[in-house]
Amino acid sequence: MAAGELVCPACAQPHPADERFCRLCDMPLVIDGGSELEEPVSERHARARKVDPRYTEGSLVRVAGAMNQAEAEFVQGMLLEEGIPSTLRRTRGFDVPDMLAAGPRDVMVPASGHDAARDVLLEADIVRDEPVAQTPAARVLGVLLAVLAIGALVIWLGTELG
Ligand SMILES: [Zn+2]
């Protein structure tokens, strides 16, 4: 394996140095162990070297929710400081076009890093556990659906009785 080549901490699939995430499992890539003694050659390599191998096992699990991309990246930075790699996913149920930085994100970490990540985020008062259904957008949608249902009922009653 060439020096500086990146490898996936979860599946060990090697990747070229210009890749950031594993093509198979979306994990942030880390530098192959063989180049341990070299100085980081880029900011990305410096990030990759912070990852603690203990926190890279298992499948991805959700550890926290973020309100948007910027907040999610802030959470990722905090986790990385503790050696925990993470990746972001759009929270399901929110259809925001991909090019927009808006919309909530799920912060995903390897299963072995979940407890450590949770501790970091609890300490920083960042973990929010409210289910998606309680977010304002979902509440508004619920009210709209209720109004539509009542409207349909009224129309149906009108045609039945008329
Ligand atoms: Zn992988």
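The values are calculated or read from the model by the stated rules, or taken from the named source; none is laboratory data. These figures come from a predicted structure and were not determined experimentally. Positions of Cβ are generated from backbone atoms using ideal geometry, with glycine treated the same way; all protein chains shown enter the neighbour counts.
Values as computed for the structure displayed
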quantity	calculated
Pairs where the first residue, in region 93-112, is of a type in the set (Gly, Ala, Ser) and the second is at pLDDT 85 or above and exposed (fewer than 13 other Cβ atoms within 10 Å of the Cβ), C-beta under 7 Å, 6+ apart	Ala101/Ala70; Ala111/Glu57; Ala111/Ser59; Ser112/Arg54; Ser112/Glu57
Yes/no for Val7 being within 16 Å of the ligand (Cβ to nearest atom) and either more than 15 Å from Pro110 (Cβ to Cβ) or modelled with pLDDT under 90 (or both)	yes
Condition met for Arg44 (among the basic types (Lys, Arg) and either surrounded by 15 or more Cβ atoms within 10 Å (Cβ to Cβ) or at pLDDT 90 or above (or both))	yes
Condition check for Arg54: outside any loop (DSSP other than H, G, I, E, B) and at pLDDT below 90	no
The listed residue being farther than 30 Å from Asp18 by Cβ, of a type in the set (A, V, I, L, M, F, W, C) and at pLDDT 80 or above, out of Val61, Val127, Val147, Val75	Val147
